[in-house]
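Data block below; observations after.
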Amino acid sequence: MLEEKQPTQQFTLKNDRYRKVRGGSAKFLDISCAACNTWILLYQKDGPGRVLRLYLNRIFAPPVLAQLQDRADIVETKNMTNLVCSSCGVVLGSPMKYDDGRLAYNLRHGLIAKKKSDGTYTPPPDTTNKE
Ligand SMILES: [Zn+2]
């Protein structure tokens, strides 16, 4: 791992059949832990309505979570682990499979905070050097 400052990544909203089914609109959201305010992930929300679950194929960052959708060993919920806040350890969501076949995290009520995002992600310069 390099310890140089990582460049900010700019993501583009996915436009696919899942988005079409939800009416075609989409936006980026920063999802955080409501308890301790730690940023958890960058998410694409399709269509209107509340965020009840986080589909793996809508997670753009951080890489460790964004890569789950491409992992050949993660095909069922039993291959997944809970979504846990990296800072305070609270369990934010549990693995589920939605009706359309997508794997997702079923969110526990009221444990996340969300904020509109411009779709950028800046990796932390050095994860071992906090505080
Ligand atoms: Zn937390």
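For the reader, a short list of remarks on this structure follows.
- Think of it as helices only: each DSSP H run of n ≥ 4 in the chain is worth -39500 (n - 2.57), and spread over all residues that comes to -1000 deg cm²/dmol at 222 nm.
- Backbone HN-Hα couplings from phi across region 47-57 [Karplus 6.51/-1.76/1.60, Hz, Gly and Pro as x]: x, x, x, 7, 8, 9, 8, 10, 6, 4, 7
- Protection proxy ranking, highest mean first, for peptides 70-80, 115-125: 115-125, 70-80, where packing is the per-residue count of other beta-carbon atoms within 10 Å, averaged.
- Sum of side-chain charges, Y18 neighbourhood, beta-carbon under 11 Å (Lys, Arg +1; Asp, Glu -1): +4
- For L83, the residues 5 or more places off, or on other chains, whose built amide H falls under 5 Å of its own are L92, G93, S94.
- Taking amide hydrogens as placed 1.01 Å from N in the peptide plane, the amide H of A113 sits under 5 Å from those of S32, C33, A34, each at least 5 positions away in sequence or on another chain.
- Listed residue pairs exceeding 23 Å between alpha carbons, taken from K27/K114; K5/K27; K14/K115: K5/K27
Bear in mind these aren't lab numbers, they're just calculated from the coordinates by the rules spelled out. Only a predicted model underlies this, so the values are computations on that prediction, with no experimental measurement involved. In this analysis, Cβ positions are derived from the backbone assuming ideal geometry, glycine residues included, and neighbour counts consider all displayed protein chains.
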